[in-house]
Amino acid sequence: MDKKIEEVKAILKKYGQEQLLSNYDRLDENKKKQLLDQIMNINFDLVNSLYEKTKHEIKQGKDEITPIEYLDKYKLNEKYKYYENIGKKAIKEGKLAAVTMAGGQGTRLGHDGPKGTYDIGLESHKSLFELLADSLKEEEKKYGVIIPWFIMTSRENNKQTVEFFEKHKFFGFQKDKNIFFFIQGELPMIDTEGKILIGEDGLVKLAADGHGGIYESLVKSKMTEKMRQLGVEWVFIAGVDNCLAKMVDPVLMGIAIDKGVTVACKSVVKASPKEKVGVFCKRNGRPNVIEYTEITDEMAEARDENGELLYGESHILCNLFSVEAIERMGANPLPYHIAYKKAKYLDKDGNLVEPESPNAYKFEAFLFDAFGEVDDMAVLRVKREEEFAPVKNADSAGVDCPRTARELYKKFHKID
Ligand code: UTP
């Protein structure tokens, strides 16, 4: 231990992060060891470069943004059946798995617990996890096949998530047979001086590295290996907070297979040109998503010869990947985006500080930043009312909240 602590002290001195040991003497032996291990595992050069990034305004407008082609699911005509049959065959052969991303903090919703455990207020009082489990089980029955379900958690919510599933007997799934849990990666949070914070537990304050961490964590946790063992070739990835996510879609799969692309994404048309959503586009010739903050009014309003918005296909976090594409995306680091957040921490005297306004930087990778890894992908426009009922905010916000999600869910499932 003595040798290790000297080693850690030298590292911290080199990077000017000595504050990380200021509460060390107050920790029990177990936590002391944990803290030293955590520090040894921090990539301080990455932390430094991320801090530098917080000081510079992001340069925008250099990229060449062009529209991306898309298909409308309900304008495929005779091709609909054609794609559907290709997809159905692959599903029946057991080539599809589903991944639910449930590692987010759900700060806007403000629910005490993992977002997936949230009850959106249906008569059944089913949680978001159970609603997704129901839909997957129904599809399994329909196709007479097992569709393995992978759930991404964060270190922060993994225990509570798995306990919730245990309590509900995994909603009929069998742990490590057809339902698998894996934990996403994390990065330290830093203050405005670039100093890494100490969390309430006296350890390094870490936060999930964004939904873009999905690729690396699927690979690192050997879930892609597991998928291959199970004969899975295609993986549908969606967030836990869309209670209408259609995880098994033969048309989407058929399109991907037929067109020979390794990524196929769903979109819904923007509710209005100014809607604050990211939309599919090509960036410097490669598939990407452009944020509403990056798009000019002129681009937002531009229409094609059929009167359709040129940048109107919203990204709804419902995407299909080949296992090979995930492995490729997991091998290359994604850029990190900066979020300025409120974060509780221990000061150097061991006092808990609970800020009332943002005080710390959190770094997150975005799933769609990996789209540029592939030369081409398919975008399929689906109907919002059939596939997109997100739970992002508390009811007081009035949009993308439990009330709106509940109404959409009931309407779709014809529940009075
Ligand atoms: P959001 O970006 O909406 O974040 O995540 P959130 O954590 O749910 O909510 P806020 O922003 O704190 O209010 C979209 C989906 O991606 C998952 C979320 O769980 C959600 O299903 N996600 C997000 C992760 O799995 N990990 C992350 O690090 C971030």
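The values are calculated or read from the model by the stated rules, or taken from the named source; none is laboratory data. Not measured: the values here are computed from a predicted model. Positions of Cβ are backbone-derived with ideal geometry, glycine not excepted, and every protein chain shown enters the neighbour counts. With ligands, DNA and RNA removed, areas are computed over all heavy atoms of the protein, side chains included. Shrake-Rupley method; radii C 1.70, N 1.55, O 1.52, S 1.80 Å.
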### Task
Give me a count of the residues in region 158-206 that are under 26 Å from Ile147 (Cβ atoms), open to solvent by less than 40 Å² (accessible area, probe 1.4 Å) and either of a type in the set (Phe, Trp, Tyr) or over 24 Å from the mean Cα position of the chain (by Cα) (or both).
8
### Query
Quick one: which of Ala331, Ala343, Ala339 is surrounded by fewer than 18 Cβ atoms within 10 Å (Cβ to Cβ), closer than 17 Å to Leu187 by Cβ and at pLDDT below 95?
Ala339
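What helices (runs of 4 or more DSSP H) lie completely within region 149-241 and have 3 or more residues being within 16 Å of the ligand (Cβ to nearest atom)? Walk me through it before giving the result.
Numbers: elements: 158-167, 214-220, 223-229.
Answer list for region 149-241: 158-167, 214-220.
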### Message
So if I check each of Glu301, Glu385, which one is under 23 Å from Val240 (Cα atoms) and at pLDDT 95 or above?
### Response
Glu385
### Task
Report yes if Asn23 is over 30 Å from Cys243 (Cβ atoms), touching a strand residue (DSSP E or B) at 6+ places or on another chain (Cβ under 9 Å) and in contact (Cβ under 8 Å) with a residue 60 or more places away in the chain, otherwise no.
yes
### Task
Would you mind stating whether Val263 is open to solvent by less than 10 Å² (accessible area, probe 1.4 Å), in contact with a Gly (Cβ under 8 Å, 6 or more places away or on another chain), modelled with pLDDT of 95 or more and of a type in the set (A, V, I, L, M, F, W, C)?
no
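Among the residues of region 95-128, write down those that are assigned to a loop (DSSP other than H, G, I, E, B), charged (D, E, K, R) and either touching a residue at least 12 places away in the same chain (Cβ under 8 Å) or within 6 Å of the ligand (Cβ to nearest atom) (or both).
Lys95, Arg108, Glu123
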### Message
Exactly one condition in (1) assigned to a strand (DSSP E or B); (2) touching an Asp or Glu at 6+ places or on another chain (Cβ under 7 Å); (3) of a type outside the set (A, V, I, L, M, F, W, C) is false for Asn288; which is it?
### Response
(2)
### Message
Can you report the number of residues in region 350-383 which are surrounded by fewer than 23 Cβ atoms within 10 Å (Cβ to Cβ) and more than 19 Å from Ile237 (Cβ to Cβ)?
### Response
13
### Summary
When region 256-273 is checked residue by residue, the ones that are out of contact with any helix residue (DSSP H, G or I) (no Cβ under 6 Å at 6 or more places or on another chain) and closer than 19 Å to Arg303 by Cα are Ser267, Val269, Lys270, Ala271, Ser272
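Taking Lys55 as the residue in question, decide whether it is surrounded by fewer than 11 Cβ atoms within 10 Å (Cβ to Cβ) and under 30 Å from Glu294 (Cα atoms). Quick ask: steps written out before the conclusion?
On the way: surrounded by fewer than 11 Cβ atoms within 10 Å (Cβ to Cβ): yes; under 30 Å from Glu294 (Cα atoms): yes.
Yes.
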### Query
If you go through region 216-240 one residue at a time, how many are over 10 Å from the mean Cα position of the chain (by Cα) and open to solvent by less than 60 Å² (accessible area, probe 1.4 Å)?
12
### Query
Which residues, taken from region 2-32, are on the phi < 0 side of the Ramachandran plot and outside any helix (DSSP H, G or I)?
Gln17, Ser22, Asn23, Leu27, Asp28
### Query
Within region 81-94, which residues are open to solvent by 60 Å² or more (accessible area, probe 1.4 Å) and either in a loop (DSSP other than H, G, I, E, B) or within 28 Å of Pro390 (Cα to Cα) (or both)?
Lys88, Glu93
### Query
In the set Gly212, Gly185, Gly239, Gly202, which member is on the phi > 0 side of the Ramachandran plot and not acidic (Asp, Glu)?
Gly202
### Task
Pairs only if they're at least six apart or on different chains, beta carbon under 6 angstrom, first in region 374-395 and in contact (Cβ under 8 Å) with a residue 12 or more places away in the chain, second among the hydroxyl-bearing types (Ser, Thr, Tyr) and outside any strand (DSSP E or B); list them, first residue then second.
Val374/Thr262; Val379/Tyr70; Arg381/Tyr70; Ala389/Tyr409
### Task
Give just the number: which of (1) more than 16 Å from the ligand (Cβ to nearest atom); (2) open to solvent by less than 10 Å² (accessible area, probe 1.4 Å) does Gly144 not satisfy?
(2)
